Amino acid sequence: MAGPSTYEPKSGFERWLDTRLPIVRFGYDTIVSFPTPKNLNYWWTFGGILALMLGIQIVTGIVLAMHYAPHVDLAFDSIQRIKRDVNYGWLIQGLHATGASMFFLAVYIHMFRGLYYGSYKAPREVLWLLGCVIYLLMIATAFFGYVLPWGQMSFHGAVVITNLIGSIPVIGPHITTLLWGGFALDNPTLNRFFSLHYLLPFVIAGVVALHIWALHVPGNGNPKGIEVKSKDDTVPFHPYYTVKDSFAISVFLLMYGAFVFYAPDALGDAANYIKANPLVTPQHIVPEWYLLPFYAILRAVPDKLMGVIAMFGAIGTLFVLPWLDTSKVRSMRYRPAMRLWFLIFVLDCIILGFCGARAPDDAVIAGLAGPQFLDANLNSFVWLSRIASLYYFVYFWVITPVMGLTETPLPIPEGISEPVLSHPAVTPAGAVSSPEKRG
Amino acid sequence: MLRKAIAFAALGLALVAVPAAASTEGYKHREVEWSFTGPFGKFDTAQLQRGYKVYREVCSACHSMSQLYFRNLGQKGGPFYDPEYKNPNDNPYVKALAADIQVPDIDGETGDAIQRAAGTADKFPRPFPNEAAARASNGGALPPDLSVIAKAREGGPDYIYSLLTGYAPTPAGLKVGTGQHYNAYMAGDLTAAWSGDPHHVPKGGFIAMAPPLKNGLVTFDDKSPSTLEQQAKDVSAFLAWAADPKATERKQFGLGAMIYLFLFSILLWFSYKRVWKGVAH
């Protein structure tokens, strides 16, 4: 933990326990006295929101597993049974299904926050890497979970994804066979996906513990991107951030509740209310919204294997980001040129999401007959997703390293405490320092 | 503040935009004013009762509803709920409705396959013993199970209503195969069957189901006019209820939860302001 422990055992029992298992000290140092920069904004509340979402998913998931039947003949009906006959089953199932979307919404905001404020830079590279591992595990868990209701989209989505892995040379087909538990997607697949869907959240919980550990060694970053210098820059986590995070969580739950209670199917696909039928393929196979950008990257590449490489490369890129960024300034508050590229990047990810939801040959601008270019019409989602995919990679592999070397950042403030109003727009001219000398 | 607003707006846009756009070739379904849409919407009990009658007398000849039990008809929010009988299995009306229907069973004494009157704990019986029998009786087409059909189609009850009332006269120049029917709201591509102007292929598709409803087909117990429109509307509402029988309970529970969370958020906001008072940040 950052700094020496300030925990003082108060009762005799606490003193006795503290010399044997200092668990109360650990809790105190972690969530009570932990010194936290006092200038964190609301983008920093999503860590707490994510911890809560993981908790909700695990608790609702354990209850659902008590009623769910992992068998191709029973799975679809057992979900309906949960929603119709289990006490508050509609609530538990609704929280879990919508919760996956909320979990991803929160994690994307958390990741964009990390990108914008340079949270991945030294000394927080390991913290970032662990976050990337959590994100990968989340994708795997969500994918396995989406197969369990055994609807049409569950089944055919799983067929698409498992076949993708089969395109990997030499080992691919073997991995696919192993995942399927046979030579087609069938009951053994559903069984092992259920098993893995139950296992992975606990792996996530373990990596989250490491993530928090890695956070508590250097301490939180902050919107200014400068290190904490003295005690004046920080406040104890409790009550300052427990109350602020609680407020943010409560507002987040309001939005979550709006979906669960009033639009439980808004984020899902109607086709998943049709029981899986291997002989009937849905007209459009689309993943859940949170995987659409990667699906768009996959389909942007004409070659199957190259598409798979591009898709995994898009996530893999995040793992090397700390070493691609050459800028010594953490926060993009003081990097106006880079900030613009970043905003385009956010927009780019949203456009990729749009592309993933549409059929590749659909016209982007309806009614406009664009020219044919290479293998597809220019006015089609194929080309839009190709341009957007290209920007995705260019942003990380070209813009990020080049901008760090060429841009002139704004002066960054001396410290967190002064000046109190730190935004560049209101920073007094005197309160400056040389950013190039900072790490 | 403005930048935050823009960021949130962008996120909101991302959320709104994501539901996959299904490019159905049929006409966009008609919009119906249902009693059960919106955060405070409730099912119209009389409409559900009429809808059940349409299902029972017309649809159930070919379509199963395998997720439904007779007791569901008498549960809270159901078509025949009676507050006097909290336990739907005691509801005499539901018992009588069930007893009208024969369900297959095994005689416990002899082991013979028998038919007996249904009870409240029985599922709605299937019209055909298996898929092959269902296809054989329907020109090769399989009538889908209707339990969650209102959720399994984009547009839900609006789409079902549109389909049931969408048997338009076949456009001249469209070759309709044996056992097929033209429906303006059915998804499909009619190019291959169209001999007219290739730039004006009619929208819609072919459906194996013959027009199931017609004026006066069902006699409603509440003297509602038995028009095709009315039958279609009522059975669509019934199917919407069947697909989501807990919808009303969910919305009522949600109202309490949302009010609680809203007040809790206000309380936390003031706690936050108070705790942070005097801390420059």
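The values are calculated or read from the model by the stated rules, or taken from the named source; none is laboratory data. If you're wondering where the values come from, they're calculated on a predicted model, not measured in any experiment. When we count neighbours, we look across all protein chains shown, and the Cβ atoms used for this are built from the backbone with ideal geometry, even at glycine. Accessible surface areas use protein heavy atoms only, side chains included; no ligands, DNA or RNA. Shrake-Rupley method; radii C 1.70, N 1.55, O 1.52, S 1.80 Å.
In table form, for the structure just shown:
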read-out	value
Accessible heavy-atom area order of B:267, A:95, highest first, probe of 1.4 Å	B:267, A:95
Solvent-accessible area per residue for chain B (1.4 angstrom probe, square angstrom)	54
Calculated diffusion of region B:139-281, Stokes-Einstein form, Kirkwood radius summed over Cα pairs, 25 °C and 0.890 mPa s, µm²/s	126
Whole-angstrom gap from region A:303-363 to region A:201-267, using each part's C-alpha centre	24
Charge dipole of chain B about the Cα centre (unit charges at C-beta), most positive-ward option of B:218, B:34, B:132	B:34
Residue among B:43, B:262, B:253 with the largest mean-square fluctuation in a Gaussian network model of chain B, springs linking Cα atoms under 10 Å	B:262
Distribution of pairwise C-alpha distances over region A:31-287, 5 Å bins, in %	1, 6, 12, 15, 16, 14, 12, 9, 7, 5, 2, 1, 0, 0
Dimensions in Å of region A:146-263 - Rg and Dmax from alpha carbons	22.1, 63
Within chain A: Cβ-based charge dipole about Cα centre, in debye rounded to nearest 20 (Lys, Arg +1; Asp, Glu -1)	680
Positions from region B:254-271 whose accessible area shrinks by 50 Å² or more when the full protein complex is built, not the chain alone, probe 1.4 Å	B:258, B:261, B:265, B:268
Sequence-separation-based contact order of chain B, relative, with Cα cut under 8 Å and 6+ spacing, percent	23
Region B:198-281: Cα Rg divided by the 2.2 N^0.38 Å rule of thumb	2.24
Helix A:187-216 vs. chain A, principal-axis angle (Cα, 0 to 90°, nearest 10)	10
Translational diffusion of chain B, µm² s⁻¹ [Kirkwood Rh, Cα pairs; Stokes-Einstein; 37 °C; 0.692 mPa s]	146
Residue A:414 accessible area, 1.4 Å probe, all protein chains in place, Å² to nearest 10	80
Convex hull (Cα only) mean projected area of the protein assembly as shown, reported in nm² to one decimal	40.5
Average accessible surface area per residue within chain A, 1.4 Å rolling probe, Å²	44
Relative contact order (%) - region B:167-225, alpha-carbon pairs under 8 angstrom, separation at least six	33
With every protein chain in place, region A:217-373: carbon and sulfur % of accessible area (1.4 Å)	69
Overall Cα dimensions of region A:1-135 - principal axes, largest extent first, Å	58, 46, 23
Euclidean distance of C-alpha centroids, region A:50-76 and region B:184-253, integer Å	35
Rg to Rh quotient for region B:85-157, alpha carbon positions, Kirkwood Rh	1.08
Contact surface A-B: accessible area buried, both sides summed, square angstrom, 1.4 angstrom probe	4800
Per-residue average of Cβ from other chains inside 10 Å of A:350-362	3
Within region A:31-287: Cβ-based charge dipole about Cα centre, in debye rounded to nearest 20 (Lys, Arg +1; Asp, Glu -1)	480
